[in-house]
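The values are calculated or read from the model by the stated rules, or taken from the named source; none is laboratory data. What you are looking at is a predicted structure, and each value in this text was computed from that prediction instead of being measured. Cβ atoms come from the backbone with ideal geometry, glycine included; neighbour counts cover every protein chain shown.
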Amino acid sequence: MKKIMVVDDSVVQRKMIIQIIRKAGFTNETLEAGDGEQAIEVMGNNFQDVGLVLCDWNMPKMSGFEFISGVAKIEILASIPIIMVTTEGSEEK
């Protein structure tokens, strides 16, 4: 079973997302990262095991958008689905 990675600079938000995943019936192992840079490192170390990434938009060091752009350039990571999970509500973002 593939792992789900949750990327958010807020530990509280990561825990809430994981709790929602569990309540929805998913039993996948989860990986966590606090920003885009850390997420790329975690994905690089676990690329064969990651099946889905849930990612925040606003994070320090590397935003969710920058993270997605970076992942798209790395062939072994580019096919892993990424879902943005954010409280951003502006049409621009």
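Quick grid of which residues meet (1) modelled with pLDDT of 95 or more; (2) surrounded by 15 or more Cβ atoms within 10 Å (Cβ to Cβ); (3) part of a strand (DSSP E or B):
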| residue | (1), (2), (3) |
| --- | --- |
| Met1 | no, no, no |
| Met5 | yes, yes, yes |
| Ile20 | yes, no, no |
| Glu37 | no, yes, no |
| Gln48 | no, no, no |
| Ser69 | no, no, no |
| Ile74 | no, no, no |
| Glu88 | no, no, no |
- Message: Just the residues that are assigned to a strand (DSSP E or B) and among the polar types (S, T, N, Q), please, taken from the stretch 22-35.
- Response: Thr30
- Note on the structure: Considering the stretch 50-67, residues that are in contact (Cβ under 8 Å) with a residue 40 or more places away in the chain and in a loop (DSSP other than H, G, I, E, B), and then whichever is surrounded by the fewest Cβ atoms within 10 Å (Cβ to Cβ), we arrive at Pro60
- Task: Given the conditions (1) touching a Lys or Arg at 6+ places or on another chain (Cβ under 6 Å); (2) surrounded by fewer than 16 Cβ atoms within 10 Å (Cβ to Cβ), report the number of the one that Ala78 does not fulfil.
- Result: (1)
- Message: Within the stretch 22-35, take every residue that is of a type outside the set (Asp, Glu) and in contact with a helix residue (DSSP H, G or I) (Cβ under 6 Å, 6 or more places away or on another chain) and give me the one that is surrounded by the most Cβ atoms within 10 Å (Cβ to Cβ).
- Response: Ala33
- Item | Condition met for Met16 (out of contact with any strand residue (DSSP E or B) (no Cβ under 8 Å at 6 or more places or on another chain) and not small (Gly, Ala, Ser)) | yes
